[in-house]
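**Student:** Quick one: the structure is below, questions incoming.
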Amino acid sequence: MSKRRSTEEDQDAVSVRPSLERQLGLARARSRSLQLRLRAIADNLGHGLSLYDKQGRLVVCNQQFLEIYRLPPKLGKSGTSFRRILEARVAGNTHVGDDGQQYVTDRIGAVHEHRALGGIHRLNSGQVISMTHQPMADGGWVSTHRDVTELFNMQAELTHLAYHDPLTGLPNRTLFYQRIGRAFENVADTNGFAVLCLDLDGFKRINDLLGHATGDALLRQFAARLTKALGPRDTAARMGGDEFAILHIGGDEESALDLAHKLAELCQQPFDFDGEVVSIAVGIGIAHAPADGSDIDALLHSADLALYSAKRGGRGGIRAYAPGLDRAAADRRKLEAELRRAIESGEFELHYQPILDLKAGSFSGFEALIRWQHPERGLVSPAEFIPVAEDSGLIVMIGEWALREAFAEAARWPADLRVAVNVSSIQLRRGNLVATVMNALASSGLAPGRAEIEITESVFLEQSEQSLDALRQLRALGVRIALDDFGTGFSALSYLLAFPFDKLKIDGSFVRALEGSEGAATIVSAVADIGARLGMSTTAEGIETPDQLRAVHSSGYAEAQGYLISRPMSREAVRAMLITQFDAMPEAPAQAG
Ligand code: C2E
Ligand code: MG
Ligand code: MG
């Protein structure tokens, strides 16, 4: 090319003696054609390009360069100073940083010092530009510019997806672990930090009853409330399902507890879904770092144990980790394993506590109370193992056994004696209780009117229509339904309107408080009145003294039960008693269980 050019020049030299102007004109024309050729190449590059000489004047740039930085075409002419281009970028907001003047000065300084300027830049306009900068031997430089905004945003979105829960937009487990990891790295510089594990009470019920769309909406609203309650350094995450967690940085143990109470309160306010109002409680377990765990897993395990313990304490509990919880959890796991074995090896038996009919002065029946004859521990109380059986779901199998065993035993008693069996709300929810009761009745031959089911008000706390339906079906069969431990839980009187119980059993704690507490006396007699007005029979439990018996009798209770009358007895003891009291026992059918 240089050869050709020199030939052209020679021709020019010989043909005419050109005037200075003509020479200049030719030079310009040549330079223009060179420019046009360069421009044509540059315009087809597929990215922005700008070439400057050593004075910082534009030699050439392409259309894409102008477009990326939203520069007017006239600035694309050769000779435009780098400074003008930078100033136009500041005017068009396609620069970086708040101070435009500073930006211009910095960039000019950088090219003079031949500093590298390449890399990814996010412009004030929001565009993301990938840039290269190459100094040239003649002192100028060439740079390329590619608008990678879309690619960059896509990548950012992918990254967001990998680290966030799509439903609530909260950080997911992966990101949460990373944040805890970072908190551990900085633990020396802070007061330590806390992890709060949260679990919604009764979320499954909302999902079942109101549908998944409402369940999802609830989770989203719940997440929004969490986010609002947090400090700027805290992180809320969705760990999966209805489990959430919070990383609370800075602050002491008190402040984590305060946060937990604040969250619990926020969640108690009803959620509204197009007029469908739902209230929910949240269980919260708290663990502090580094005291309750020196790495992520240990810390989360402690928070989980605390949560577990909080939930065991009832709805909406808050519990901070304590070292004893490890032991308790290990004990429970062991107990659960032993319970499984106990079902198979027949370690359960039922004892029967007589119920005294206060009008007739005779026994109206017995309450079946389960006993676990543990090979090493001896007799284990139901208060100890029933909660574990409920948590693990084993109660469904144990409960079924109890119903069959109790009905079969009662079928041997005189026909005017009833048997009451305690049924857990878990059996109502998870087991097929109606079918189980029908089978137990059929195989024992017990008349349905002699069978009584005792439930506690936890059935109502779960507000499951399905459970109430099952109770209605049982009642339609002729089975009697009693509300046990009345007065202990929330004892909303609305429960009594929600279901037509055959019997109310006032909790033994009121009877025991009778002496010395006027309040207890008022409650004991009020419950008798309520029962009478609603047409429900009433039983007073836990009678230990003659005074207590007299008090419940004069309050109008139909029945009494307690150690004073008789302790729970083995089935053999009951049989023996019935033989001596009544002339004869009916023929013994084959034993179930
Ligand atoms: P509950 O149904 O309220 O049974 C009454 C409890 O009070 C029984 O305790 C009984 O032995 C005890 N008791 C009776 N009279 C007196 C008294 O005069 N003074 C005192 N202090 N206590 C008295 P137990 O047998 O330990 O049962 C505890 C709870 O375990 C029961 O309370 C019931 O909720 C549950 N349970 C027992 N058997 C079963 C069962 O087969 N299935 C289910 N799901 N729960 C059961
Ligand atoms: Mg009971
Ligand atoms: Mg009771």
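The values are calculated or read from the model by the stated rules, or taken from the named source; none is laboratory data. None of the values given here were measured: they were computed from a predicted structure. No Cβ is skipped: glycine too gets one built from the backbone with ideal geometry, and neighbour counts run over all protein chains shown. Accessible surface is based on the protein model in full, side chains and every heavy atom, while ligands, DNA and RNA are left aside. Shrake-Rupley method; radii C 1.70, N 1.55, O 1.52, S 1.80 Å.
**Student:** Look through 546, 568 and report the one residue that is in contact with a strand residue (DSSP E or B) (Cβ under 8 Å, 6 or more places away or on another chain) and open to solvent by 10 Å² or more (accessible area, probe 1.4 Å).
**Tutor:** When all the criteria are applied, what remains is 568.
**Student:** Starting from the stretch 520-545, keep only residues that are within 13 Å of residue 559 (Cβ to Cβ), then list their pairs with residues that are within 15 Å of ligand 3 (Cβ to nearest atom) and among the aromatic types (Phe, Trp, Tyr) whose Cβ atoms are within a distance under 6 Å, requiring at least 6 positions of separation or different chains.
**Tutor:** From residues that are within 13 Å of residue 559 (Cβ to Cβ), the pairs are 528/557; 536/501; 538/557; 540/557.
**Student:** I want to confirm something. Restricting to the stretch 497-535 and keeping residues that are under 39 Å from the mean Cα position of the chain (by Cα) and more than 16 Å from ligand 3 (Cβ to nearest atom), which single residue is least open to solvent (accessible area, probe 1.4 Å)?
**Tutor:** 499
Residue by residue, here is whether (1) polar (S, T, N, Q); (2) free of Cβ contacts under 8 Å to residues at least 40 places away in the same chain; (3) in a loop (DSSP other than H, G, I, E, B); (4) farther than 20 Å from residue 250 by Cβ holds:
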site	(1), (2), (3), (4)
292	no, yes, yes, no
301	no, yes, no, yes
309	yes, yes, no, yes
315	no, no, yes, yes
328	no, yes, no, yes
332	no, no, no, yes
337	no, yes, no, yes
343	no, no, no, yes
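**Student:** Related question: Which of the residues spanning the stretch 421-453 are charged (D, E, K, R) and closer than 20 Å to residue 393 by Cβ?
**Tutor:** Start the filter on the stretch 421-453 by keeping residues that are charged (D, E, K, R), which leaves 429-430, 450, 452.
Hits for the stretch 421-453 are 429, 430.
**Student:** Considering only the stretch 358-384, how many residues are out of contact with any Asp or Glu (no Cβ under 6 Å at 6 or more places or on another chain), of a type outside the set (A, V, I, L, M, F, W, C) and part of a strand (DSSP E or B)?
**Tutor:** 5
**Student:** Conditions: (1) over 29 Å from the mean Cα position of the chain (by Cα); (2) surrounded by fewer than 15 Cβ atoms within 10 Å (Cβ to Cβ); (3) at pLDDT below 95. Residue 488 meets all but one. Number of the miss?
**Tutor:** Answer for residue 488: the failing condition is (1).
**Student:** Of 425, 381, which residue is of a type in the set (S, T, N, Q), within 16 Å of ligand 2 (Cβ to nearest atom) and under 26 Å from residue 543 (Cβ atoms)?
**Tutor:** 381
Results for (1) out of contact with any Lys or Arg (no Cβ under 9 Å at 6 or more places or on another chain); (2) not β-branched (Val, Ile, Thr), shown as yes or no for each residue.
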site	(1), (2)
85	yes, no
102	yes, yes
117	no, yes
124	yes, yes
149	no, no
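**Student:** Just name the residue that is surrounded by the most Cβ atoms within 10 Å (Cβ to Cβ) out of those in the stretch 364-378 that are within 12 Å of ligand 2 (Cβ to nearest atom) and touching a residue at least 60 places away in the same chain (Cβ under 8 Å).
**Tutor:** Selected residue: 366.
**Student:** Considering only the stretch 267-324, state which residues are polar (S, T, N, Q) and either at positive phi or crowded, with 21+ Cβ neighbours inside 10 Å (or both). So that I can check it myself, show each step before the final result.
**Tutor:** Step one: of the stretch 267-324, the residues polar (S, T, N, Q) are 268-269, 279, 294, 302, 309.
302 - this is the single residue of the stretch 267-324 that is polar (S, T, N, Q) and either at positive phi or crowded, with 21+ Cβ neighbours inside 10 Å (or both).
**Student:** For the structure I just gave you, tell me whether residue 48 is of a type outside the set (Val, Ile, Thr), surrounded by 17 or more Cβ atoms within 10 Å (Cβ to Cβ), under 20 Å from residue 129 (Cβ atoms) and in contact with a Cys (Cβ under 6 Å, 6 or more places away or on another chain).
**Tutor:** no
**Student:** Out of the residues in the stretch 434-468 that are modelled with pLDDT of 85 or more and in contact with a Phe, Trp or Tyr (Cβ under 7 Å, 6 or more places away or on another chain), state the one that is nearest to residue 313 (Cα to Cα).
**Tutor:** 468
**Student:** Checking residue 581 against (1) modelled with pLDDT of 95 or more; (2) among the polar types (S, T, N, Q); (3) surrounded by fewer than 20 Cβ atoms within 10 Å (Cβ to Cβ), which test does it fail?
**Tutor:** Answer for residue 581: the failing condition is (1).
**Student:** Of the residues in the stretch 385-406, how many are part of a helix (DSSP H, G or I), within 32 Å of the chain's Cα centre (by Cα) and more than 16 Å from ligand 2 (Cβ to nearest atom)?
**Tutor:** Final tally of qualifying residues: 6.
**Student:** Report those helices (runs of 4 or more DSSP H) wholly inside the stretch 186-290 carrying at least 2 residues which are modelled with pLDDT of 90 or more and closer than 21 Å to residue 174 by Cα. First the steps, then the outcome.
**Tutor:** Numbers: elements: 203-210, 212-229, 253-268.
Once the helices (runs of 4 or more DSSP H) in the stretch 186-290 are filtered for at least 2 residues that are modelled with pLDDT of 90 or more and closer than 21 Å to residue 174 by Cα, what remains is 212-229.
**Student:** So is residue 381 out of contact with any strand residue (DSSP E or B) (no Cβ under 9 Å at 6 or more places or on another chain) and open to solvent by 10 Å² or more (accessible area, probe 1.4 Å) or not?
**Tutor:** Working: out of contact with any strand residue (DSSP E or B) (no Cβ under 9 Å at 6 or more places or on another chain): no; open to solvent by 10 Å² or more (accessible area, probe 1.4 Å): yes.
Judged against the criteria, residue 381 is not a match.
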